[in-house]
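The values are calculated or read from the model by the stated rules, or taken from the named source; none is laboratory data. All figures in this text were calculated on a predicted structure; none of them were measured in a lab. So basically every Cβ, Gly included, is an ideal-geometry build from the backbone, and we count neighbours across all protein chains shown. Remember, those area values only see protein heavy atoms, side chains included, never the ligands or the DNA or RNA. Shrake-Rupley method; radii C 1.70, N 1.55, O 1.52, S 1.80 Å.
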Amino acid sequence: MSGFFSEKLRGLKPYVPGEQPKDGNCIKLNTNENPYYTSGRAAAAADSRMLTSLRKYNDPENSLLVGEIASYYSVKNENVIVTNGSDEVLAFCFAAFGGKGAVFPDVTYGFYKVFASLFGVDYTEIPLDKEFKIDAEPYKKCRRAVFIANPNAQTGIYMPPEEIESIVSSDPDRVVVVDEAYIDFGGESVIGMTAEYKNLVIVRTFSKSRSLAGARVGFAVADAALIKDLKRVKYSFNPYNVNSVSEVLAAEALKDNEYFEKCRGLICASREKLVRELKKLGFEVLPSLANFVLAKSAKTDGGELYERLKKNGILVRHFADEERIKQYIRITVGTDGQIDALIAELKHITGAI
Ligand code: PMP
């Protein structure tokens, strides 16, 4: 840290993203990307004509994509904001709604804490229960802005809509942000609830189920007044936050429903296979409705599993600094072929063969 770094930010512990190795040969199951290509229809739309028009600034309102999202989810344009990945809209939510503090689970997406620190938002972490589930009760009593990932990050455990609603309806004067980054892999979205609840923000991403992590597109759906608040933050930071190429890619990916359904069907089936195979090897696997699973071996420590898999060209995620889950590894659901390779390696490591 240089002597110039702001005094206020000296305690900041930045988010550490999963590794993005240069070596294209490894089996990459560490950052919950989609193992299938971006929709061909989307890729074709971002053609050379589009690239030669980059001399102009893009539409700061991203009206094309906002319109597609609004019609896909049956909401109005005024209920949607698009952002540079969902990380950006999450950051905007902390800046806009964290005035009275924030609350989120002790095991969840690691960026919540970082955003809170960056924007000076006082935060409380509420422990997940013994089975790693989110207990709705303490959130109902809390007057701070609530951030919940559903399915939850790192665990993959899903919270049913009635429980989300019980939190949202318990206090109309505080905002509840539901981060549905992984909802397309088996859960039911509560986007529809934004019509009724004026304190609910749903955050979504094109990075996972739409195979567009590198394009950096996310969005939020909420009551028009909340979207206006988020836009106040956006226009105070970076009005041209979603570039025109990514906007077209995302708009076309949303229209390619056939490909989307095919890929998510494959991923959900592969998840079941992964869970089955891990259990055969004696792993404890948390029940996941996401495109990843959190699993623990009865024989081998999480850190050792991570290192030995890495040595053999398979990357998974290990959270060494997170006390409650450091015995576990988080495995992204890849293709069936990738899962076979992972399981074969795990058999060696855990001594099953
Ligand atoms: N929310 C959750 C729960 C995540 O796991 C991630 C991805 N790491 C994000 C949001 C951010 O995704 P993106 O910025 O790529 O949209």
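Averaged over its residues, the chain has an accessible area of 46 Å² per residue, based on protein heavy atoms and a 1.4 Å probe.
When nucleic acids and ligands are ignored and a 1.4 Å probe is applied, PHE111 ends up with an accessible area of around 40 Å². Within a straight-line Cα-Cα reach of under 20 Å, LYS262 can be paired with the following lysines, leaving aside sequence neighbours fewer than 8 residues apart in one chain: LYS208, LYS273.
Comparing GLY67, SER207, VAL221 along the charge dipole axis of the chain, the residue lying farthest to the positive side is SER207, per the Cβ-charge model. Each residue was assigned an accessible area with a 1.4 Å probe, and for MET159 the value is about 10 Å².
Amide H contacts for PHE292 (H built 1.01 Å from N in the peptide plane; partners 5 or more residues away or on another chain; cut-off under 5 Å): VAL333.
Out of every Cα pair in region 13-103, what percent are spaced more than 20 Å from each other? Considering region 13-103, 63 percent of its Cα-Cα pairs are separated by more than 20 Å.
Is region 98-182 best put as rounded, prolate or oblate by its Cα gyration tensor, with a ≥ b ≥ c the root eigenvalues, rounded for a/c under 1.5, and otherwise prolate when a/b is larger than b/c, oblate when not? Oblate, because a/c is 1.5 or more while a/b does not exceed b/c. If Rh is defined by the Kirkwood formula over all Cα pairs and Rg also comes from Cα, what ratio Rg/Rh do you get for the chain? Ratio of gyration radius to Kirkwood radius: 0.96.
You can think of it this way: the chain between CYS26 and LYS310 has 101.4 nm of extra reach, that is 0.36 nm per residue less the Cα-Cα gap. Across the protein chains, with a 1.4 Å probe defining accessible surface, the residues LYS133, LYS76 rank LYS76, LYS133 from largest area downward. Taking a straight Cα-Cα cut-off under 19 Å and skipping sequence neighbours fewer than 8 places away in the same chain, the aspartates and glutamates within cross-link reach of LYS280 are GLU272, ASP301, ASP336, ASP340, GLU345.
Among DSSP beta bridges whose residues both lie in the chain, state the antiparallel percentage, nearest 5.
Given both bridge residues lie in the chain, the antiparallel proportion sits at roughly 50 percent.
When the Cα positions of LEU12, ALA295, THR350 are compared along the charge dipole of the chain, LEU12 comes out farthest toward the positive end, with charges on each C-beta of Lys, Arg, Asp and Glu. Element breakdown for region 40-255 at a 1.4 angstrom probe: carbon and sulfur atoms account for 52% of the accessible area.
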